[in-house]
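Coordinate-derived values only; no laboratory data. The structure presented is a predicted model; accordingly, all values stated were derived computationally and were not measured. A quick note on method: Cβ atoms are made from the backbone with ideal geometry, for glycine too, and the neighbour counts reach across all protein chains shown.
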Amino acid sequence: MTAPEINRDTFKLNSGFLIPAVALGTWKSSPEDCYNAVKHALNVGYRHIDTARIYLNEASVGKAINDFLKESDDVKREDIFVTTKLCPCDYHDPETAILGSLERLQLDYVDLYLMHHSLAEVSGEGLKPVDEDGFRKHIPFEKLSYVDAYKVVQTFVNKGYTRSVGVCNFNVPKVQRLLEVSEIPPAVVQCEIHPYLPQQDLVDFCKEHGIVVEAFSPLGSTGAPLLNEPILVSVAEKYQVSPACIAISWAIARGTVPLPKSTNDSRIEANLKTIKLSDQDVELINNISKTTTKRYLNSKWRIDVYYSDAEFNPVK
Ligand SMILES: NC(=O)c1ccc[n+]([C@@H]2O[C@H](COP(=O)([O-])OP(=O)(O)OC[C@H]3O[C@@H](n4cnc5c(N)ncnc54)[C@H](OP(=O)(O)O)[C@@H]3O)[C@@H](O)[C@H]2O)c1
């Protein structure tokens with residue numbers, strides 16, 4: 001049995017740039033934990049970091065990257081792939097938003113700028129507007145659709161703010177719509193993807209159109225509940241690795257980019273070490289969703305927004 005090895009695979013984006021096959025996720029990493037996690041990740045070989053305006057840790061990510069680069073003799077800025085995202089509350093002014101992100105990150109450019117959701121939120125109410133009952137507010141901008149926001153976001157490539165652009169939480173019809181109207185097609189679609197939610201239709205569609213798919217919550221999100229899944233556990237026993245290693249290796253075997261989040265040094269290290277699964281084991285894991293499907297990020301607004309085919313936000 002071969003031991004897991006540091007993964008140095010890359011996939012080629014339709015923008016011509018390479019994207020490392022595993023990223024460190026940073027959602028719910030506090031600013032201090034995030035700094036330590038990103039610094040440690042870079043030290044042990046990660047070259048891909050995923051953050052977002054709404055995670056409130058861009059400054060920590062940027063400081064960790066810049067400190068790491070100062071201390072490193074051989075790694076340069078262009079060796080590290082940095083992603084951040086346009087918060088839905090900023091869809092009315094994406095340019096101010098990306099410039100703010102670059103300032104917090106202390107970077108001249110990001111490698112990937114993603115629209116975080118397909119529908120805009122109320123502007124001017126802070127990062128997480130909520131209604132009187134504490135639910136996230138998604139009220140339509142009468143003249144702003146995800147198409148309008150994307151048309152602004154794609155201009156950031158030629159302005160040098162980002163090397164590639166893409167979207168998160170977009171279903172197939174919405175990605176199709178972007179392909180019809182955009183001048184620069186999305187290079188990446190980032191969605192919740194794991195053995196209980198393989199999203200084969202989205203993965204197939206994106207592959208057909210040269211778009212790389214990133215898998216968020218590859219371990220089942222907070223607390224990694226997916227790792228108790230019996231088939232994952234049995235495959236892990238067979239290869240003498242952890243179920244996390246199997247979940248991450250399976251994502252890569254499908255040609256998707258997993259973004260496991262951790263603020264724990266040893267788990268950060270472990271999550272970059274992957275194995276090559278046999279075709280039969282990939283198939284065994286593919287079949288898990290035939291009997292059980294589960295979406296871990298299942299709040300009502302997220303599902304409403306994801307499945308809505310509306311171009312303007314219908315969700316009240
Ligand atoms: N675009 C979007 O809307 C969106 C939504 C969700 C997530 N994301 C991105 O995707 C990333 C990953 O998703 P996620 O944070 O939801 O969840 P995840 O990566 O599936 O799981 C994170 C959880 O797993 C634990 N964990 C990590 N490695 C482990 C291991 N080897 N063994 C056991 N437990 C382990 C972490 O705890 P410790 O930290 O204590 O290790 C944490 O509780 C996010 O951080 C973010 O960058 C994007």
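Remarks
- Sorting the segments 266-277, 282-293 by their mean number of nearby beta carbons within 10 angstrom, highest to lowest, gives 266-277, 282-293.
- Segment Gln200-Glu183, extension gain: residue separation times 0.36 nm, minus the distance between their alpha carbons: 3.5 nm
- Spherically averaged projected area of the chain from its Cα convex hull (nm²): 15.8
- Relative packing of 6-13, 211-218, 192-199, which averages over residues the other C-beta atoms within 10 Å, highest first: 211-218, 192-199, 6-13
- Each label was represented as a point 7 Å from its Cα along the Cα-to-Cβ direction; for Asn43 and Lys238 these points are 3.7 nm apart.
- Here, the stretch 1-74 is characterised by an Rg to Rh ratio of 1.01, where Rg is the alpha-carbon radius of gyration and Rh the Kirkwood radius.
- Table column - 3J(HN,Hα) (Hz), the stretch 261-267, Karplus curve with 6.51, -1.76, 1.60, x for Gly and Pro: 9, 7, 10, 9, 3, 6, 6
- Gln280/Lys76 FRET efficiency (R0 25 Å; Cβ-Cβ; nearest 0.05): 0.05
- Phi-based couplings in Hz for the stretch 278-285 (Karplus 6.51, -1.76, 1.60; Gly and Pro marked x): 6, 4, 5, 6, 4, 5, 4, 6
- Between Lys159 and Asn264, residue separation times 0.36 nm minus the direct Cα-Cα distance comes to 34.1 nm.
- Packing-based exposure ordering (other Cβ within 10 Å, fewest first) of Tyr307, Tyr296: Tyr307, Tyr296
- Pairs exceeding a 22 Å alpha-carbon distance, out of Lys85/Lys151; Lys28/Lys70; Lys207/Lys300; Lys39/Lys76; Lys39/Lys261: Lys28/Lys70; Lys207/Lys300.
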